[in-house]
Structure formats: C-alpha cells, structure tokens
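Written below as structure tokens is the structure these notes are about.
The values are calculated or read from the model by the stated rules, or taken from the named source; none is laboratory data. These figures come from a predicted structure and were not determined experimentally. Note: accessible area is taken over every heavy atom of the protein model, side chains too, but ligands, DNA and RNA are not part of it. Shrake-Rupley method; radii C 1.70, N 1.55, O 1.52, S 1.80 Å.
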Amino acid sequence: MRHSRRGIAAVLAIIAMILLVVIEALLRFFNKNVFVIVALYGDSYCQAAKKAKALLHTNAFSLVMQHNVVTSIISAVFLVAAATCGVGAYLLSAHVLFTGDDQFTHVVLTTAVCTGVGGFVVASAFTIADAGATTLLIAFLLAPHQLRATDPTRFEQYRLAMPEAVPALAASSNV
C-alpha cells in the first residue's frame, strides 16, 4: 500500500512539473511580446499586456509560428556550433597544443570549454536576431502603416507572406 501511494505521488509530481514547465514557457512567450510592445511604444507593462493579449487573439498563429521556427533554428545552430567548436578544440588540443602525461586532462578541459563558449556565442547572436524579428513582426501586426512608412520593403515582405494578418492590407496594397 505504501509503495502504491509513493508511485501515485511520484506520478503527480511529474505531472505538476510538466504543467509548471508549460506555464513557464507560455509566460516567457507572452512576456517577450509584452516587452517588445513596451520598447516600441513606451506603454506601461499593463497597457502592453492588454495589447499583447489582443494581438495573440487575432494573430496567434503568426506569432507562434515565428517563435517556433526561430527557436528551432537557434537550437539547431547552437548544436552545430557547439559540436564544431568542440571538434576543432579537440583536434587542436590533441594534436598541436598538448602532449605528454597530462594530455588527456588538458584535451578534455579545452574541448569542454570551447564547446560551451562556441555554443553560447552563437546562441546569443541568434537570440538577438530573434528579438529583432519579433520586434518587426509585432510592429507589422500592431502598426502596419508605420512600418510601411519607415521600411516599405520589409512591409511588403510581411504583407505578401501574411496577407491574413492584417485584413485591411490583404484587400488592398494601396492602404
């Protein structure tokens, strides 16, 4: 009887952890959009949250797809960059830099450090690019006329890629 209760408690703990991870991911996604609106328009957090909520109701698919695509790209590039830096560090340290009794320790440490640093640098660069892409998307969705005035080429790319995002713009390109 005690083992079955522990098993049930463990399953419930896992379910709770999964729910918390999902809630955290949703809050991060929402806050990212809110802070972009704060940065673009200078709104208070509460005003920006209301705009972000309305934006999610009308354009959730576009926002989620952009987030998912960029996150997938960042993850893939992080893995490739980390692996490339690790392999390069291993080859350099094993065959050029270190020889002798402590070679194994030096090679492992050098490879681990270079793998982490390489992955971090690349992931950071792509995270900055993601912030820019999110900012442009939200600017297009909230103030398409302003984006058209300041960056007509980018505006046209968004309008052609997502004609359903802003219905008034889908009907006519002379808006």
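Expressed as a whole percent, the accessible area of segment 1-108 that falls on carbon and sulfur atoms is 73 (1.4 Å probe). Among the protein heavy atoms of segment 110-169, carbon and sulfur supply 72% of the accessible surface, probe 1.4 Å, non-protein parts ignored. Classify the chain: rounded, prolate or oblate, from the alpha-carbon gyration tensor (a ≥ b ≥ c, eigenvalue square roots; a/c under 1.5 rounded; otherwise prolate if a/b is larger than b/c)? It is oblate, given that a/c is not under 1.5 and a/b is not larger than b/c.
Is segment 1-104 rounded, prolate or oblate when judged by the Cα gyration tensor, a ≥ b ≥ c being the square roots of its eigenvalues, rounded requiring a/c under 1.5 and prolate requiring a/b larger than b/c? Oblate, because a/c is 1.5 or more while a/b does not exceed b/c.
Rolling a 1.4 Å probe over the heavy atoms of the protein chains gives the chain an accessible area of 65 Å² per residue.
Normalised by 2.2 N^0.38 Å, with N the number of residues, the alpha-carbon radius of gyration of segment 37-80 equals 1.49. Cα centroid separation, segment 47-81 to segment 101-143: 18 Å.
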